[in-house]
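To start, the structure itself, in structure tokens.
Every number here is computed from the coordinates shown, using simple stated rules; none is lab data. Keep in mind that what you see is a predicted model, and the values were worked out from it rather than measured. Neighbour counts are summed over all protein chains in view; Cβ atoms, including those assigned to glycine, are modelled from backbone coordinates with ideal geometry.
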Amino acid sequence: MPGPEHHRDTDLYVTDLDGTLLDADGRLPARSRAALADLLAARAPLTYCTARGLPDSGQALDGLPFTLPAGYYNGALVARPDTGEVLDERTLPPAATPPLLDALRAAGARPQLIGRTGTEQVVLTEPPGNPAEEAFHRARAGRDPRLRTAPGYPPRVDAAYALVCLDAAATVRELARAATALAPPGVAVTVFDASEHPGHLVLQIGAADADKGTAVRRIAELAGYRPDRLVVFGDSGNDLPMFAAARDAYAVAGATEAVRRLARQVIGPSVLAAVPQKLHELLERPWPHP
């Protein structure tokens, strides 16, 4: 991997996946795939930072050969998408996980514990209890090797990246208040919108420095790019730290108002390949024919 600032005079492009590059069903439109393949074949300085993990990101990107470090779990993990090599991880303090997990369950929540056991990434979950959780499980059943569904699972992981709850907005806000009261120093409680599930919010409890802003700066450092040459694309509240860290930020159509306010420009929707089209424009490459 290149040393520090190997690419001093080159912009590094980082895109979110769901709602930004992927469509509402979490799929990569055919036009987007063809355009991204063209960019990657030309060795464009392009990567991604997502709430997804390594396996399901690779599936969603349909085998596209990304090689630069990428961010996962909203920045808790930075890894090589081509090899799976972990380059940086920001984890919950081990003593913090059990009491937070107990408190969420006592409040009626069904938290996911996202973490690592040895070199294997896992998502430990309770059975789904609301339509948004059911959609999450349905989309991954039989396809996501990380998923382990077991009522009352114990927090037995070597490293915990995050506790996550997906529920109705009022429920998540109440859970966030309870978790904030318990969270020790070094732990952040974050609430952001679930763009694909109207009326629902996501609660994430993770390390205080595990966010997309930290991740994209770390990606730039690892790949040899200057942090002041970051150009990012996003749509949702979890992208705000990434937008704040970037020199230029672009919001897709349908982005939240907070994301739009930080954007240099609001571009088209993901279904019309807005991000690949903007990348071709910025990199001064002709749009590939279908």
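Observations, loosely collected:
- Axis of helix 169-182 versus longest Cα principal axis of the chain: the two differ by about 70°, to the nearest ten degrees.
- For the residues Arg110, Arg80, Arg138, a GNM of the chain with alpha-carbon springs under 10 Å puts the largest fluctuation on Arg138.
- Selection of GluC sites (Glu not before Pro), the stretch 197-290, meeting DSSP coil and at most 16 other Cβ within 10 Å: Glu284
- Each peptide in 11-21, 50-60, 81-91 receives the mean, over its residues, of other Cβ atoms within 10 Å, and ordering these scores from highest gives 11-21, 50-60, 81-91.
- Within a Gaussian network of the chain (alpha carbon springs, distance under 10 Å), most fluctuating of Ala208, Ala150, Ala245: Ala150
- The percentage of C-alpha pairs in the stretch 94-207 whose separation is greater than 21 Å is 32%.
- Degrees between helix 97-106 axis and first principal axis of the chain (Cα, 0 to 90, nearest 10): 70 degrees
- Counting only DSSP beta bridges with both residues in the stretch 54-171, the antiparallel share comes to about 85 percent.
- Within the listed set Leu175, Leu61, Leu272, the residue fluctuating most in the Gaussian network model of the chain (springs between alpha-carbon atoms under 10 angstrom) is Leu272.
- Reducing the stretch 94-125 and the stretch 219-290 to their Cα centroids gives an inter-centroid distance of 32 Å.
- Beta bridge orientation in the chain: antiparallel %, DSSP, nearest 5: 60 percent
- Expressed as a whole percent, the proportion of Cα-Cα pairs in the chain lying more than 34 Å apart is 16%.
- Taking Cα atoms only, the orientation of helix 30-41 departs from the longest principal axis of the chain by about 70 degrees.
- Alpha carbon Rg of the stretch 69-135, scaled by the compact-globule rule 2.2 N^0.38 Å: 1.30
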